[in-house]
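Undergrad: Just dropping this structure here.
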Amino acid sequence: MPLERDEGEYAYAGQLILQGIPPYELAYNMKLPGTYYVCALGMAVFGQTIAGMHSTLIVVNSLTIFFVFVLARKLFGDTAALVAAASYALMSVSPIVMGLATHANQFVVLFAVPATWLLWKGREENERALIFMSGLLYGFAFLMKQQGVFFAVFGSFYLTLDGVCKRNVPGTIKTVVIYGVGVLLPFFCLCLLLVWQGVFSRFWFWTFTYAHSYVTTLNWREGLDNLMMHFKRGFWPSAGLWLLGGMGTLLGLYHKTLRAQTLFIMELWLFAFLGTATGLYFRSHYFILVLPAFSVLVGAGVGALQNHLPSRVPVFLMKAIPLGLFALGLGFCAFYQRELLFRMNDNEVAEVIYQRSPFIQSTAAAAYIRQHSSVDARIAVLGSEPEIYFYSQRHSATGYIYIYALNEPQPTAGPMQLDMINEIESAKPEYLVWVGFSTSWMPWPPPDKTLSRWAANYIHTYYATVGVVDTSSGKITCFWDTNAANYGGPYGDYISIYKRLDSADSVALSKAASARK
């Protein structure tokens, strides 16, 4: 399946890291760079390809499934562990949470789930070394993406509450301090690394200054609308699992032997949900953060039903009925999504999930650039499609790999546009790609037209058309070189590729096009 734009960002940043180029030097974004480093590691093993990225995702998701199993087994037993692992396995690849694509949230839970297991185990055994390790893993979860901080806060909240209940204030303070050192250590080391690499100021601006503007844009009414839209779309496929999770919560709170574990997972779910609420956008893939806790509650529900059905029910039915209900719920979840999960091919899935986004078209545009340019050529993409940089294996002439920040109602949008213009004019990229899809600009038309007006004049003055990937007819049609120069112009969704007129080939193309006109 072609990479979508977030995957393209992680892939391109990981590719640059493998080339010795630090984050935020050639690619600006508000996310913390942990996911970039993990993707770089994955591509070092599996290759700098689509398959390499998705193989990395498979490994990450498989490890998380295993950790969900370990956590549920520790809290609720073997049956709950198997059910929780199966629940997470299916829900985490669901198109409802965009689980077929590589997102930072999958890397957050990769570290947060084993951290939660260590937190419970360390508290249970009163072993501060385990609690320190728990904090360390929560710290790595934060490095994957800012929302990971909610898991770290959960750990601090749980340890503090547990200490207060035990009336051991001095011991609690010492434990929380040890835990806090573990949480902060990865971030401290990252800051030292970025200072040494000379990109700390840019890192801080994008991941904290601009990120703060991004998460304070929407109001509560808009956020509630976003939440309800996702809930309506995602509830029915997993309605049976929601029912079992609710039963697990109620039964766990009712029975004293399960109450502490149930409260622990409920608190985890609450803080994970706060992570999904960051900025009130409630994007589909944010809900990956709540899936581990939710899956464990589903497992707890099945396990509790097995142990707490009326005593007159035969033993084999006590074991079989809850598992049968779970099989129905999981089976319906898979059946509801059968077309996407089992029947459609890769491009069909991409078209259904990412309607009116140029992810398939980007592969063709990048292939042309890679075939017709040297490895040291610089390119610029006017749009939010960083996957083009990754596919073409060419460096960006500007660090603004997304246009979104330049169109948002935030105070630095105007200066960002001017900065992007300056970077492109200074680099004089050999190829310039115009992405005409509105989803790549958002909003379209942009509120500030400085960038689009500059681009029209800059392209007309210095570049010639060498490629067009057009979808105005409802299907993808590619025009290259002289055919692109003859093309009357795309209407609607398209990608145009321009080559700088400094090149002799481009000059010839421009003259030929002028003669024909």
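Computed from the coordinates by the stated procedures, all read-outs in this text should not be read as laboratory data. As the structure is a prediction and not an experimental result, all values here were calculated from the model. Positions of Cβ are generated from backbone atoms using ideal geometry, with glycine treated the same way; all protein chains shown enter the neighbour counts.
Undergrad: Just to confirm my numbers, what's the Cα centroid distance between the stretch 351-429 and the stretch 1-70 in Å?
TA: Here the answer is 18 Å between Cα centres.
Undergrad: Which of the listed residues, Y458, S62, F273, is farthest toward the dipole's positive end in the chain, when Lys, Arg count +1 and Asp, Glu count -1 at the beta-carbon?
TA: The residue sitting farthest along the positive end of the dipole is F273.
Undergrad: Under 5 Å between amide hydrogens, which residues at least 5 positions from Y463 or on another chain qualify, with H placed 1.01 Å from N in the peptide plane?
TA: So Y463 has HN proximity to L501.
Undergrad: Given the options N347, L190, A327, identify the residue whose Cα lies farthest towards the positive end of the charge dipole of the chain (+1 on Cβ of Lys, Arg; -1 on Cβ of Asp, Glu).
TA: Positive-end residue among those listed: A327.
Undergrad: With the convex hull built on the Cα atoms of the stretch 169-287, state its orientation-averaged projected area in nm².
TA: Taking a quarter of the hull surface, the average projection is 11.4 nm².
Undergrad: Once the Cα atoms of helix 413-427 and of the chain are each reduced to a long axis, what angle between those two axes, in degrees from 0 to 90 to the nearest 10, is obtained?
TA: 50
Undergrad: Whose amide H sits under 5 Å from the amide H of H395, counting only residues 5 or more places off or on another chain, with H placed in the peptide plane?
TA: Counting only residues 5 or more places away or on other chains, the set is I379.
Undergrad: Now, a different point. Considering the options G122, I17, L3, tell which one lies farthest towards the positive end of the dipole of the stretch 1-133, charges being +1 on Lys and Arg and -1 on Asp and Glu at the Cβ, about the Cα centre.
TA: Most positive-ward Cα: G122.
Undergrad: If you don't mind, another one. Let me check I have the definition right: for the stretch 359-516, take the eigenvalues of the Cα gyration tensor, multiply each by 5, take square roots. What are those semi-axes in whole Å, largest first?
TA: Working through the eigenvalues yields semi-axes of 24, 18, 15 Å.
Undergrad: Among DSSP bridges having both ends in the chain, what percentage is antiparallel? Round to the nearest 5.
TA: 75
Undergrad: With a cut-off of 8 Å between alpha carbons and a minimum separation of six or more residues, what is the relative contact order of the chain in percent?
TA: Once divided by the residue count of the chain, the mean separation gives 16 percent.
Undergrad: If you plug each phi of the stretch 262-270 into the Karplus form 6.51 cos²θ - 1.76 cosθ + 1.60 with θ = phi - 60°, what whole-Hz ³J(HN,Hα) values come out, in order, with x for Gly and Pro?
TA: For the stretch 262-270, the Karplus curve yields 5, 4, 4, 6, 4, 5, 4, 4, 4 Hz.
Undergrad: Among DSSP bridges having both ends in the stretch 359-516, what percentage is antiparallel? Round to the nearest 5.
TA: Approximately 75 percent, going by the DSSP bridge assignments.
Undergrad: About its Cα centre, what dipole magnitude does the chain give when the only charges are +1 on Lys and Arg Cβ and -1 on Asp and Glu Cβ, stated in debye to the nearest 20?
TA: Its charge dipole is roughly 1100 debye.
Undergrad: Could you state the per residue volume, in Å³, of the convex hull enclosing the Cα atoms of the stretch 5-330?
TA: For the stretch 5-330, the hull spanned by Cα atoms encloses 143 Å³ per residue.
Undergrad: Let me ask something else. Given the Cα-Cα distance of E127 and L340 and 0.36 nm per residue of separation, how much length would full extension add, in nm?
TA: That works out to 72.1 nm of additional length.
Undergrad: For the stretch 359-516, what is the charge dipole size about the Cα centre, in debye to the nearest 20, if Lys and Arg each add +1 at the Cβ and Asp and Glu each add -1 at the Cβ?
TA: Once rounded to the nearest 20, the dipole reads 380 debye.
Undergrad: Which whole-Hz ³J(HN,Hα) couplings does the stretch 54-65 yield from phi under the Karplus relation 6.51 cos²θ - 1.76 cosθ + 1.60, θ = phi - 60°, glycine and proline marked x?
TA: Values, residue by residue: 6, 5, 4, 4, 4, 5, 4, 5, 5, 5, 5, 4 Hz.
Undergrad: Then there is this: Amide H to amide H under 5 Å from M98: which residues, 5+ apart in sequence or cross-chain, H placed 1.01 Å off N in plane?
TA: Placed amide hydrogens put nothing under 5 Å from M98.
Undergrad: How many nm is it between the label spots at T461 and M229, if each spot is 7 Å from the Cα in line with the beta carbon?
TA: My value for the distance between the label points is 3.9 nm.
Undergrad: Further question on the same structure: Explain nothing, just compute: Karplus ³J(HN,Hα) = 6.51 cos²θ - 1.76 cosθ + 1.60, θ = phi - 60°, for every residue of the stretch 243-256 in order, whole Hz, x for Gly and Pro.
TA: Result, rounded to whole Hz: 4, 5, x, x, 4, x, 5, 5, 5, x, 6, 6, 8, 4.
Undergrad: Greater than 27 Å separation of Cα atoms is the criterion. Which listed pairs, K166/K256; K232/K475; K145/K499; K121/K232; K121/K145, meet it?
TA: Flagged as over cut-off: K232/K475; K145/K499; K121/K232.
Undergrad: Only Lys, Arg, Asp and Glu count, each charged at its Cβ (+1, +1, -1, -1), so figure out the dipole size of the stretch 241-356 about its Cα centre, rounded to 20 debye.
TA: It comes to approximately 440 debye.
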